[in-house]
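Visitor: Below you will find the structure I want to go over with you.
The values are calculated or read from the model by the stated rules, or taken from the named source; none is laboratory data. Only a predicted model underlies this, so the values are computations on that prediction, with no experimental measurement involved. Cβ placement follows ideal geometry from the backbone for every residue including glycine, while neighbour counts extend to all protein chains displayed. Surface accessibility is based on the protein's heavy atoms, side chains included, excluding ligands, DNA and RNA. Shrake-Rupley method; radii C 1.70, N 1.55, O 1.52, S 1.80 Å.
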Amino acid sequence: MLTAFGIAIGVAVLVAALAVDAGLDASIERTVAAQVGRANLRLTAFAEAGLSGRTLAAVDAVPGVAVAAPAIERHTFLLTSSGRTSDGGPVAILGIDAGRELRVRDLDVVRGWAPTKLAPDEVLVSERLAAADGLEVGDDLTLLGAGAPVRTRIGGVLAGDGPAAGSLGRTIVTSLEIATELSTPDGGAPESADPTALRGLSRIDIVLAAGADPAAVEAELERTLTTEPYLLTSPNDVATALRATTADVRATMALLAAISLFAAAFVILNTIAMTVVERIRELGLLRAAGATRAQVGRIVVTQGLLLGALGSALGIVAGALLAAVAATWLRTAGGVTLDGPVVTPWAIVAGIAAGMIVALVAAVEPARRAGAVSPVEALRARSDAAAGVRAHAGWLLVVMAAVGVLAAVLVPGIASSGALSQRTIVVYVVLLAAVLATPALLGPLGRVAGFPFARVLRLEERLARAAIARDRGRTTITVGALVVGLAMVVALGVVAVNARTAATAWLDDVVPGDEVLTAIAPAPVGADGYESEIAAIDGVARVTPMAAFDLSFEGTRMPAVAIRGADLDADGRLTLLSGDRATALAAIDAGGSVILPAADARGMGVGVGDVIVVATAAGPVELAVAGIVERSFPGASGEAALVGWGDALDRFGVLGADAFIVRYAAGRAATAMPAVDDLARQLALSPAPVARVAGTVGDALDRVFGLLDLLALAAVVIAGFGIANTLSMDSWERSRELGVLRAAGMSRRQVWRSVLVEAGILGVIGGAVGVVTGLVVGTLLLAFAGGLPSMVQIPWVTIGVSLAMAVGLAMLAAAQPARIAGRRSIVAAVRGA
C-alpha cells in the first residue's frame, strides 16, 4: 500500500500539472476571445500619443476591411464619496464605439441591459469588480480623471473579468468620450461628430470582409498608414505572447511532475526488488516444480503492473483535488487569470499510462534477476540468495530515460521547445549523477551523520551504520528518492530567493525616492509640471518625473524610460558596469545619449561609445551609448534603456510623466507623506510607497514558488514511503540477526532505537546530498533563465528546513517498522518468522 501511495502521489502531480496547463490554455483562449473577438487583425499604437481618427478613417477605406473598431485603454482609480481613491486598486478602462465594437466581439451582460449604444455617462463593470467592490446596476460611480473626477452610472455588469487584459478582473467599459475625458486634462472628446477628430486611440481591431485576402489587406495597410507609428498583429500573435508569459511556470510544473514520477520509480524498484528477496524460496520452489525463467519474471512484472494500476487509480482522484488546490492558490500566471483547472481525458489517460509504464520499467530489472536465480541457489539460506537478486542502482539510468521520454510525450511543450528540453535533460543528468554518486559517499557521510547519534547511542549507531553499508545498492535507491525531492526543494529555493532579489533590487538600486505617485494620463513636466507643487511641501527633498515608453531597434520593441540623470546622480542611484557614472548621467540630460541595461548591450553587441539607431515617427535617431548598468527599470519585454527628458519630449513623442518619484528628507517621511498623498489625489496621481511595491512583487513571487514547492514536496513524501518500505523489509530480513542480539542481551528499546537511528542517518545522508545537488540545480536553472547574477543568493532558511525535514521525515517513516522490530519475540526472530 505504501508503494501504491508513492505511485499515486507521482501520478497526482502529473495530473495536476496537466490540468493546470489545460486550464491556462482555456484561460488564454478565453482571454484572446474576449480581447480580440472576431477580429482578424489588430492595429496597436506604438507612440504615446496613440492613433488618431484620421488613421481610423484610413483603415475604414482599405479594401477588404469590413469593420474597424477603435478602443482607448487606460487605467484609473475609483473615488469614494469622500473623494479619496478606493483601496481596491486600479481599474482598467476600455473606451469603445459600441456600434462597431459589438460587430467585433460580444459583450456578455449578466445584469442590466445590452450596450447597443452606451449613453454619455453610462458604463459597464466586470462581474469580478462588481463583487469585489459591492457594485450594482444603477449605482453612481466616480472615476479619477486627469482633469477632474468623472461621474458615471453603472448600466450593466459584464460576465467574468470583462474584455480588458492584465486588469485582474477590475474592468470598466465606457464610451470613447468618457475614456478621452479621463485621460486628458483639457476635457473630453471634441464636440464634432466627425470620427477623424478622435485622438489617443490605443488600438483598432479589424474584421475582414468575407473572401478578403489577409496578406493583401496587410500590404495595403502598410502602404496606406505612414503618418503614425503602429504595430500590426493577429489573434495568434496575442495568444503566443500570452503563452510566452506562462511558459516558465508551466515548464517548471512539468519538470516537477517528471521528478515526482522519477521518485516514485525509486520506491517501486526498491519495493519489488525486496519483495523478490522475501519470496526467494517460493520462487525457487516454483522453478523446481517446472516454472520457466520467463514465467517467474512475468509474476514479478505482473506484481509491478498491479501496483501501478492501483497507484494510478488513486493518483487520478488525488490529482484532480491537487489541481483544484493549485489553481486556487496560483490564480494568475504571467498576466493570465486562471479560471480553474481542466482535468481533460488526456490528463486521465496520461496519468494512468505514466503510472503503469513507470511501474513496468521499474519492475523489469527485479523480474530479470528473479528469473535468473537457479532453484538450488534460491533454496539456500535467505541471506545468500538475497545477495543475488537485489536490483542494481544502474537500472536507474533506464528508469530515468523512460521517465524523460514520458515527460516529452505526455507534457505539452517539453519536446517542442529546445530550451525546455535542454533544461530538463541537464537537471535530470545532475540528479541522476548525485544519486549514483551516493554509494561512494555512504562511508564518509555515514560516519559524519552517525556522530551525533553515537554520542548518546553508541551501540545502536554502529548497528545502524553496518546495516546501511551492508547493501549499498539498496541504500542508494532508498536515499535516492529523498535526494531527488530535497534537491528540487532547495533548487526552487535558490531560484525563488534570487528571483525575489532581482525583482525588487531595482527598487533599491534604481528608484530615486521613497514613494511613487502614478499618473492615470501623461502629466506635465518642467516649469509648468506637477513636480514643483509636490516639491514645495515641507519635508520633500526631491521630485523626479519619469515616463515609460517604447523605442524600436532593428524592428524590435525595446522598452525605455525617460528620467532625470541629475536626480539619479544626486540620489546615488544606478550601478554602472561600464562607463563613468556621473558622465553617463550628465550625458542623457544633455541629449543624444542612452544608458543601456547589460542584457540589451550584450544582445546588441555594443559598448560604451558605440552608437545605436532607433526608429521614431519622425525618422531614425542616433543615440550614443553613455553607460551600461547592472539593472534598470523593468519594462514589458525586459529592462528599460534610460534616456533624458529632452530627447523623450522632443524626439520620441513622450507627452508627459507617467509617475513622479518622491524622496523625503531624512526623518521627515512620516509627517510629509500624508500631505503629499492629499495633493497627489487632487492632481489625479495615485500614491504608493516603494515598500508597498516591493511587498506586492514579493507576494506574487511567493505565491508562484509556494505552489512549486508544494509540488516538489510530493517527491519528498514519496521518499518517506520508500524509507518506510525499506526499513520494514530490512528489519524482516535481519530478523535472525536481531533475534541473536536479543538473545545476547539487547533490549526491545535498543532494537527500536537502532532502526530509528538507521533512519536518522539515512535522512542526514539524503539531506546532505540533496542540499548540495539542489544548490547545483538551482544555479543551473538561474543560468538557463537568463544568466547568473553577480552573486547567487543562498536560501539558508530553505536549506535548514530541508535538512530538518529530511531527518524528521525519515525517522517518522521508520517509527512503525521500528515498533514492529522491537516487539518481535526472540524465538520468532531467530526462527525468521
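Visitor: Which residues' amide hydrogens lie under 5 Å from the amide hydrogen of residue 46, considering only partners 5 or more residues apart or on another chain, with H built in the peptide plane?
Guide: 230, 231
Visitor: Give a residue-ordered list of calculated ³J(HN,Hα) values for region 583-598 (Karplus: 6.51 cos²θ - 1.76 cosθ + 1.60, θ = phi - 60°; whole Hz; x for Gly, Pro).
Guide: Those phi angles translate into 5, 5, 5, 5, 5, 6, 5, 6, x, x, 10, 9, 10, 9, x, 4 Hz.
Visitor: Would you grab the residues whose amide H sits under 5 Å from the one on residue 339? Only those 5+ places off in sequence or on another chain, please, with H modelled 1.01 Å from N.
Guide: 27
Visitor: A further question follows. Report the extension gain between residue 675 and residue 136 in nm, rounded to one decimal, defined as 0.36 nm multiplied by the number of residues separating them, less their alpha carbon distance. Before the final figure, lay out the partial values.
Guide: Details: separation 539, 0.36 × 539 = 194.04 nm, distance 3.36 nm.
Difference between extended and current length: 190.7 nm.
Visitor: Quick one: length gained pulling residue 119 to residue 796 fully straight, 0.36 nm per residue minus the C-alpha distance? Each step should come with its number before you reach the end.
Guide: Working: separation 677, 0.36 × 677 = 243.72 nm, distance 5.91 nm.
Here the answer is 237.8 nm.
Visitor: Using the charge dipole of the chain (Lys, Arg: +1 at Cβ; Asp, Glu: -1 at Cβ; taken about the Cα centre), state which of 803, 501, 722 has its Cα farthest towards the positive end.
Guide: Farthest along the dipole direction, towards plus: 722.
Visitor: Let me ask something else. Pull out a ≥ b ≥ c, the square roots of the eigenvalues of the alpha-carbon gyration tensor of region 201-329, then state rounded if a/c is under 1.5, prolate if not and a/b is larger than b/c, and oblate in the remaining case. Show your work: numbers first, answer last.
Guide: Details: a/c = 4.95, a/b = 3.42, b/c = 1.45.
Verdict is prolate for region 201-329.
Visitor: I want the local charge near residue 529. Using Cβ-Cβ distances under 13 Å, sum +1 for each Lys or Arg and -1 for each Asp or Glu among the other residues. It would help to have the intermediate numbers written out before the result.
Guide: On the way: positive: 564; negative: 528, 531, 533, 658.
Residues near residue 529 contribute -3 overall.
Visitor: Could you tell me the center-to-center distance, by alpha carbons, between region 278-297 and region 426-454 in angstrom?
Guide: Going from one Cα centre to the other spans 35 Å.
Visitor: Another question, then. Tell me, what is the 1.4 Å probe accessible area of residue 218, in Å² to the nearest 10?
Guide: 70 Å²
Visitor: For residue 472 and residue 825, FRET efficiency with R0 = 45 Å and r from the beta-carbon atoms, rounded to 0.05? The partial results should precede the final answer.
Guide: Values: r = 31 Å, r/R0 = 0.69.
Step by step, r from the Cβ atoms, then E = 0.90.
Visitor: Can you compute the FRET efficiency between residue 650 and residue 108 using 1/(1 + (r/R0)^6), with r the Cβ-Cβ distance and R0 = 41 Å? Round to the nearest 0.05. Provide the component values of the computation, followed by the final result.
Guide: Values: r = 45 Å, r/R0 = 1.11.
Once rounded, the FRET efficiency stands at 0.35.
Visitor: Sorted by packing (mean other beta-carbon atoms within 10 Å per residue), highest first, where do 543-554, 584-595, 526-537 land? Let's see the in-between values first.
Guide: Working: 543-554: 20.6, 584-595: 22.1, 526-537: 14.8.
The peptides rank, most packed first, as 584-595, 543-554, 526-537.
Visitor: Once amide H atoms are placed 1.01 Å from N in the peptide plane, what residues at a sequence separation of 5 or more from residue 38, or on another chain, have their amide H within under 5 Å of its amide H?
Guide: Those qualifying (amide H under 5 Å, at least 5 residues apart or on another chain) are 105.
Visitor: In nm, to one decimal, how far is the modelled label at residue 409 from the one at residue 210, with both set 7 Å along Cα→Cβ?
Guide: Placing both labels 7 Å beyond Cα along the Cβ direction yields 4.6 nm.
Visitor: Which one, (i) 40; (ii) 47; (iii) 56, gives percent of Cα pairs over 45 Å apart as derived from the coordinates shown?
Guide: (i)
Visitor: Compare the peptides 456-462, 716-722 by average per-residue count of other Cβ atoms within 10 angstrom and give them in order, highest first.
Guide: Result, highest mean Cβ count within 10 Å first: 716-722, 456-462.
Visitor: Using the crude model of +1 on Lys and Arg Cβ and -1 on Asp and Glu Cβ, and no other charge, please compute the dipole size for the chain relative to its Cα centre, in debye to 20. The partial results should precede the final answer.
Guide: Details: 64 positive and 73 negative charges, 1366 e Å.
With Lys and Arg at +1 and Asp and Glu at -1, about 6560 debye.
Visitor: How far apart, in nm, are the 7 Å Cα→Cβ label points at residue 440 and residue 84?
Guide: Here the modelled spin labels are 6.6 nm apart.
Visitor: Which net charge results when you count Lys and Arg as +1 and Asp and Glu as -1 among the other residues whose beta-carbon is under 14 Å from that of residue 648? Could the numbers behind the result be given before it?
Guide: Numbers: positive: 564, 651; negative: 48, 550, 589, 647, 650, 658.
Result for the local shell: -4.
Visitor: A follow-up question, please. By per-residue mean of other Cβ atoms within 10 Å, what is the highest-first order of 356-366, 54-64, 651-661, 742-752?
Guide: Values: 356-366: 24.5, 54-64: 17.7, 651-661: 21.9, 742-752: 14.9.
The packing order, highest mean first, is 356-366, 651-661, 54-64, 742-752.
Visitor: On C-alpha positions alone, give me the angle between the axis of helix 472-509 and the longest principal axis of the chain, in degrees, nearest 10.
Guide: Its long axis makes an angle of about 20 degrees.
Visitor: Then there's this: Return the sequence-ordered ³J(HN,Hα) values of region 235-246 in whole Hz as given by the Karplus equation 6.51 cos²θ - 1.76 cosθ + 1.60 applied to θ = phi - 60°, using x for Gly and Pro.
Guide: Whole-Hz 3J(HN,Hα) from phi for region 235-246: x, 4, 5, 5, 5, 4, 5, 5, 5, 5, 6, 9.
Visitor: So, one more: Along region 672-683, what does the Karplus equation 6.51 cos²θ - 1.76 cosθ + 1.60 (θ = phi - 60°) give for ³J(HN,Hα), rounded to whole Hz, x for Gly and Pro?
Guide: 7, 4, x, 5, 5, 5, 4, 5, 4, 5, 5, 9
Visitor: Around residue 218, with a cut-off of 15 angstrom between Cβ atoms, what is the net charge of the other residues, counting Lys and Arg +1 and Asp and Glu -1? List each step's numbers first, then the result.
Guide: Numbers: positive: 42, 223; negative: 205, 213, 220, 222, 237.
Surrounding charge for residue 218 is -3.
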